[in-house]
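The values are calculated or read from the model by the stated rules, or taken from the named source; none is laboratory data. Because the structure is a prediction, the values reported are computed rather than measured. With ideal geometry, Cβ positions are generated from the backbone for all residues, glycine too; neighbour counts draw on all protein chains shown.
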Amino acid sequence: MGDVVNLLDHDLDGLSAYCEGLGEKRFRATQLFRWIHQKGAKDFASMTDLAKSLREKLAGRAEIRGLPVLTEQVSSDGTTKWLFDVGGGNAVETVFIPEDDRGTLCVSSQAGCAVGCRFCSTGHQGFSRNLSTGEILAQLWFAEHRLRERLQLPAGERAITNVVMMGMGEPLQNYSALIPALRVMLDDHGYGLSRRRVTVSTSGVVPMMDRLREDCPVALAVSLHAPTDALRDELVPLNRKYPLDELMAACKRYLQAAPRDFITFEYCMLEGVNDTEEHAQALLTLVHGRGEHRVPCKLNLIPFNPFPASGLQRSSRERVLRFAKVLQDAGLVTTIRKTRGDDIDAACGQLAGEVQDRTRVGERMKRLPVPIVPLGVK
């Protein structure tokens, strides 16, 4: 009979093609899709409006296979973190952040990360493998229906209103699995999220930013963290391949199709490394235009969450506020991210999971101190 197919691996078009292979019409795939994503069903027998013949075909051929939950932790501020087993000694983390006007799920795309940003706990663990579409969606599928039950929400009310691909991994380095997952999130028969409420975060994989613009433009967040190439080369090694001028040009192109009229730049505040008023002025020069590359943007300043292997420290509150004031006085929309879930290591940059590193990046990074690059060096 062959391998059992995990239906979480399919967007609606993929599920329609699968059902057609079973001799079924597209509307049956739509019914099945709704049962899976809107109702959280995993037992075909419970899908009462599906033809009995289809349910019999699916039994033994297909399944709705989520991820085993290793741990669930709830922070004092209501943030929830799940650790999911993805096999082979690997586990990934997913975080739900409740707020008054939204519920945001932070989703992982890889077991580990190959980018190796100096301030990121995930990067220090190295990289094992990409997640499948089904493994990406399983995080949302589980969290949505788990939270509906916990919060006792009325039928039809969603617990998760926003998804950010900001968990473990670089989403644009797992592009083939990412795109079908995004389409399920956006599909009215799936989770029905608007493009403005789904955000892909990238460290700057320029060619894939261009592809995302064409294939599935959602909100975009770029992990910037430095205003010059010399400093960003040290903090975000991918910059050596796609330097700032190329990145800014790609951001400008992305806005041609983006659901928002700005790019969000993430900037992790590191004591004595990238947090002076001179760095803020250099950042203004970067985003307000080097040549034709002025990028409409919002700056999100992130308090660094220290971990022993990084060798870095969090900028003081006073220094962060001075940095923000330079940007705000120049008319740049700037926010300071409120840290959430610190007590369960669920804050930005803290997600680590468990990764069987195939790249030995963690070992290499331990040996490399972060130099403080003079601002005059471009």
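Data overview
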{"read-out": "Hits in the range 225-249 (condition: among the β-branched types (V, I, T) and under 17 Å from A280 (Cβ atoms))", "value": "T228"}
{"read-out": "The lone exception for W35 - which of (1) over 25 Å from the mean Cα position of the chain (by Cα); (2) farther than 24 Å from I179 by Cβ; (3) not polar (S, T, N, Q) it fails", "value": "(2)"}
{"read-out": "Residues that are closer than 25 Å to A143 by Cβ and in a helix (DSSP H, G or I), drawn from the range 191-209", "value": "R195, R196, R197"}
{"read-out": "Qualifying residues in the range 233-249 (those that are touching a residue at least 12 places away in the same chain (Cβ under 8 Å) and not in a helix (DSSP H, G or I)) - the one farthest from the chain's Cα centre (by Cα)", "value": "P243"}
{"read-out": "Residues of the range 274-295 satisfying the condition of being modelled with pLDDT under 95 and not in a helix (DSSP H, G or I)", "value": "H288, G289, R290, G291, E292, H293, R294, V295"}
{"read-out": "Filter result for L212 (in a helix (DSSP H, G or I), within 20 Å of N300 (Cβ to Cβ), assigned by TED's automatic domain parsing to the domain that holds Y254 and modelled with pLDDT of 95 or more)", "value": "yes"}
{"read-out": "Qualifying position, being surrounded by 13 or more Cβ atoms within 10 Å (Cβ to Cβ), at pLDDT below 95, under 18 Å from E234 (Cβ atoms) and β-branched (V, I, T), among V355, V361, V377", "value": "V361"}
{"read-out": "Filtered residues of the range 170-194 (kept if over 14 Å from the mean Cα position of the chain (by Cα) and crowded, with 17+ Cβ neighbours inside 10 Å)", "value": "P180, R183, V184, L186, D187, H189, G190, Y191, L193"}
{"read-out": "Pick from the range 40-63, criterion part of a loop (DSSP other than H, G, I, E, B) and free of Cβ contacts under 8 Å to residues at least 40 places away in the same chain, ranking: nearest to H145 (Cα to Cα)", "value": "A41"}
{"read-out": "Matching entry among L67, L32, L15, L8 (being in contact with a helix residue (DSSP H, G or I) (Cβ under 9 Å, 6 or more places away or on another chain) and outside any helix (DSSP H, G or I))", "value": "L67"}
{"read-out": "Matching residues, the range 106-119, being within 19 Å of V69 (Cβ to Cβ) and surrounded by fewer than 23 Cβ atoms within 10 Å (Cβ to Cβ)", "value": "none"}
{"read-out": "From V222, V206, V236, V218, residue being in contact with a Pro (Cβ under 7 Å, 6 or more places away or on another chain) and not hydroxyl-bearing (S, T, Y)", "value": "V218"}
{"read-out": "Failed item in (1) under 25 Å from G103 (Cβ atoms); (2) touching a strand residue (DSSP E or B) at 6+ places or on another chain (Cβ under 9 Å); (3) modelled with pLDDT of 95 or more; (4) surrounded by fewer than 19 Cβ atoms within 10 Å (Cβ to Cβ), with R197 passing the rest", "value": "(4)"}
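A quick yes/no check of all residues on (1) closer than 27 Å to D233 by Cα; (2) out of contact with any Pro (no Cβ under 9 Å at 6 or more places or on another chain); (3) among the polar types (S, T, N, Q); (4) modelled with pLDDT of 95 or more:
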| position | (1), (2), (3), (4) |
| --- | --- |
| G89 | no, yes, no, no |
| D100 | no, yes, no, no |
| C117 | yes, no, no, no |
| L137 | no, no, no, yes |
| W141 | no, yes, no, yes |
| R150 | no, yes, no, no |
| V163 | no, yes, no, yes |
| E170 | yes, yes, no, yes |
| Y191 | no, yes, no, yes |
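To keep it simple, each residue is scored yes or no on (1) farther than 22 Å from T133 by Cα; (2) of a type in the set (D, E).
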position	(1), (2)
S46	yes, no
E56	yes, yes
L70	no, no
S76	yes, no
T80	yes, no
